[in-house]
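Below you'll find the structure, written out as structure tokens, and then a few comments.
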Amino acid sequence: MSERGVRRFVADLLSGRRPRRFRVEEHEAAELAAAITLRAARPGAGTPREEFVTDLHHRLAAQLRAQTDQAATPLVKPIDVSRRRLVATAGIAAGAAAVGAGVDHVLTTEHVTGAVGGQPTLIPNAGQWRTVAASADLPEGGMTGFDLGTVIGFVTRSGGRLAAVSGLCTHLGCRLALNAPARRLDCPCHNTSFALSGQLLRYQLAVPPAPLPRLEVRESNGMVQIFAPPAPSA
Amino acid sequence: MSRRTAAQPDLRVVGDDVYPDWEAVYRDNVERVYGLMFAKVGNRADAEDLTAEVFLAALGPMRISASVGEVRAYLSATARTVLAGHWRRNFGREVTMFSDTLDVPQPTAAEADPDNSAEPTAAASLAQRMLAGLPEQYRQVLRLRFLQGYSVRETAAALGVSVSNAKVLQHRALRRAAQLSPGGEP
């Protein structure tokens, strides 16, 4: 059974095909690795085709163009809303500071819609630090999704800092998809997009959805961990 | 020898130069990234897809103002993540991975060497080491099949054995090679 997967993998490698996927058992991995090492040693093997290099060049140019266009054109319209919210938030914060309350507290407990500054952080009543990735798998600029059973989200490392946000659209709760090339989270339901920081990037709805709640994230013993409720018992 | 002394990640192999634009980043690194990937997947289709994934993921967020060394390190780190994702997604297990020091210095050292065409590549010397530990017939069958691209039939003829014998030989030889390879111990 398992033998077959290895044999097919090796046969594919030798005939220059893309190896078909299969579930590799632990004892099989070394054999596949040896086959790859040997195949990669064939003279000229590590040199890319010219067509590929040219084609990828075009794809990259197109992607970068799309990114600059997107950054240059004002996004659908959350700008007005943000400005209005900012003013309101500043007013509340100033008042709170006067009575000695922490500004952070005001910002995180206030229910906000589409504001730039007001992004709540989820802190569950009974949470624990749960591992979602190895630190090594999240290099600078890296991003990855996670599903902890009780909470789903995305974690990124940017500017040396980790940040995590919820993975559910704040409109009606559809699951966001990671759009890695554009570095954003796309809602499959209504064309809403969020930045990896959780801020609303664009929407086509009458009312702008709130930014994504943040999740607490830390790094411990080479692991990236999220503060979330324990997994539901099956 | 001097190459070996660089135990810490060698981030500034080519100094603090800066790339003029993303196209220079691409031109200077596409072959290196492809070579790294091919050495870890052993086939063109996957190596091309994964190389594309690295550049598509890395070029957007990358600061062009970073030094050449930093850009290369960043691409290598992205390559590491992309490769790991490929294996986990399609095979449920990381069959190959980049070493911690990442194979960054090797191509750079080769670049510095004008007549590097005669030099064995990193992949080739790794394979040679693997073959060196095998009995003669095993070594032969693997060399013919993997390095020289012989068919089973041609291999059988060259070794003077039957086709089914050649298949069995190849199978056993690969298994033995896996036991001998550096990462191969259980």
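Numbers below:
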item: Order of B:H171, B:H86 under a 10 Å beta carbon neighbour criterion, fewest first; result: B:H171, B:H86
item: B:S99 paired with B:A24, simple spin-label distance in nm, labels 7 Å along Cα-to-beta-carbon; result: 3.1 nm
item: Charge context of B:G85, other residues only, Cβ under 9 angstrom, K/R +1, D/E -1; result: 0
item: Cβ-placed point charges (K, R +1; D, E -1), dipole of region A:1-47 about Cα centre in debye, nearest 20; result: 340 debye
item: Distance between modelled label sites at A:H58 and A:N221, nm, 7 Å Cα→Cβ extension; result: 5.1 nm
item: Residue order, fewest to most beta carbons within 10 Å, for B:M37, A:M223, A:M143; result: A:M223, A:M143, B:M37
item: FRET efficiency, 1/(1 + (r/R0)^6) with R0 45 Å, evaluated for B:S125 and A:D147 via beta carbons; result: 0.60
item: Efficiency of FRET from Cβ geometry, A:R161 and B:A66, R₀ 22 Å, rounded to 0.05; result: 0.80
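Bear in mind these aren't lab numbers, they're just calculated from the coordinates by the rules spelled out. Predicted model, so just to flag it, every value in this text is computed and none were measured. Cβ coordinates were reconstructed from backbone atoms using ideal geometry, including for glycine residues, and neighbour counts include every protein chain displayed.
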